[in-house]
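What follows is a single structure, written as structure tokens, with notes after it.
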Amino acid sequence: DAKTTQPNSMESNEEEPVHLPCNHSTISGTDYIHWYRQLPSQGPEYVIHGLTSNVNNRMASLAIAEDRKSSTLILHRATLRDAAVYYCILRDGGAQKLVFGQGTRLTINP
Amino acid sequence: NAGVMQNPRHLVRRRGQEARLRCSPMKGHSHVYWYRQLPEEGLKFMVYLQKENIIDESGMPKERFSAEFPKEGPSILRIQQVVRGDSAAYFCASSPKTGGWNTEAFFGQGTRLTVV
């Protein structure tokens, strides 16, 4: 599985935007970029995914670099409930499974 | 449409006993994945199953652990002769039959196994 690199932790303030970076320099052409998050004491939760174009949904936006070697998850207006560990995962059709790294622990200050 | 259901939510077993963890995927989903999360650690893939088939068990310990996903009923993760090191949260996820890597996986709330 292609590898992703994320900062161990980040901190932001409530109601401010948050940009969570992810590097994936060995990404292949068929790898989708998926983001999940895990709130304390809960199972992981899907956030967003994309292939080449930027993506938006009700939870977040995903900005993908033109060369696809990096991406950024954008939370437009963080709330306290967004405090979680965020995982950037590359998923290819052959493997099917999601391989979780260490993720980024996001802390939101009131 | 109910989400992925795991039971029990909490399970306490004495060393040497068997633990059976159940996972009912979302309606219409035929792909099931099991993950283990040790305290303060990340999620580790264990096994990927489709109905009546084990597709990828590369993350399963070689001994004491087994998984099944029968034609009818929930997926079962079985741990025989549990040891203290098996204490962890076990998560199940499901995804639809088609779409593969272009679909999201839905996770359950997990079963927290404590071995005493």
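A few points about this structure:
- Of the numbered criteria (1) in a loop (DSSP other than H, G, I, E, B); (2) free of Cβ contacts under 8 Å to residues at least 60 places away in the same chain; (3) surrounded by fewer than 16 Cβ atoms within 10 Å (Cβ to Cβ); (4) within 14 Å of chain A (Cβ to nearest Cβ), the one B:Lys27 fails is (4).
- First in region A:67-90 and within 13 Å of A:Gln38 (Cβ to Cβ), second anywhere and assigned to a loop (DSSP other than H, G, I, E, B) and of a type in the set (Gly, Ala, Ser), Cβ under 7 Å, 6 or more apart: A:Val85/A:Gly103; A:Tyr86/A:Gly103; A:Tyr87/A:Gly101; A:Tyr87/A:Gly103
- Candidate set from region A:44-54 (those that are in a loop (DSSP other than H, G, I, E, B) and within 11 Å of chain B (Cβ to nearest Cβ)); member that is surrounded by the most Cβ atoms within 10 Å (Cβ to Cβ): A:Pro44
- Exclusive hit being touching a Lys or Arg at 6+ places or on another chain (Cβ under 8 Å), of a type in the set (Asp, Glu) and at negative phi, set A:Glu45, A:Glu11: A:Glu45
- Residue tally, condition of a type outside the set (A, V, I, L, M) and within 8 Å of chain A (Cβ to nearest Cβ), over region B:37-58: 5
- Some residue of region A:9-20 being surrounded by 12 or more Cβ atoms within 10 Å (Cβ to Cβ) and closer than 30 Å to B:Val47 by Cβ: yes
- One residue stands out among those in region B:31-67 that are surrounded by fewer than 17 Cβ atoms within 10 Å (Cβ to Cβ) and among the small types (Gly, Ala, Ser): the one that is nearest to A:Gln102 (Cα to Cα), which is B:Gly42.
- Filter result for B:Pro74 (away from chain A (no Cβ under 14 Å), crowded, with 16+ Cβ neighbours inside 10 Å and under 20 Å from A:Lys97 (Cα atoms)): yes
- Looking only at region B:71-88, and only at residues there that are among the hydrophobic types (A, V, I, L, M, F, W, C) and more than 16 Å from B:Phe45 (Cα to Cα), the one that is farthest from the chain's Cα centre (by Cα): B:Val83
- Yes/no for A:Ser41 being closer than 28 Å to B:Tyr48 by Cα and either part of a strand (DSSP E or B) or of a type in the set (Val, Ile, Thr) (or both): no
- Here A:Pro7 clears all of (1) within 14 Å of chain B (Cβ to nearest Cβ); (2) under 14 Å from the mean Cα position of the chain (by Cα); (3) part of a loop (DSSP other than H, G, I, E, B) except the condition numbered (1).
- Considering region B:41-94, and only residues there that are charged (D, E, K, R) and without any contact (Cβ under 8 Å) to a residue 12 or more places away in the chain, the residue that is nearest to B:Met26 (Cα to Cα) turns out to be B:Glu72.
- Complete set of residues in region A:58-90 that are over 17 Å from A:Ser25 (Cβ atoms), within 14 Å of chain B (Cβ to nearest Cβ) and either in contact with a Phe, Trp or Tyr (Cβ under 8 Å, 6 or more places away or on another chain) or among the aromatic types (Phe, Trp, Tyr) (or both): A:Ala60, A:Leu62, A:Tyr86, A:Tyr87
- Criterion (assigned to a helix (DSSP H, G or I), over 25 Å from A:Ile33 (Cβ atoms) and more than 9 Å from chain A (Cβ to nearest Cβ)) met by exactly one of B:Gly85, B:Gly16: B:Gly85
Read-outs throughout are calculated quantities, based only on the coordinates presented, and are distinct from any laboratory measurement. None of the values given here were measured: they were computed from a predicted structure. Heads up, the Cβs are rebuilt from the backbone with ideal geometry, glycines too, and the neighbour counts pull from every protein chain shown.
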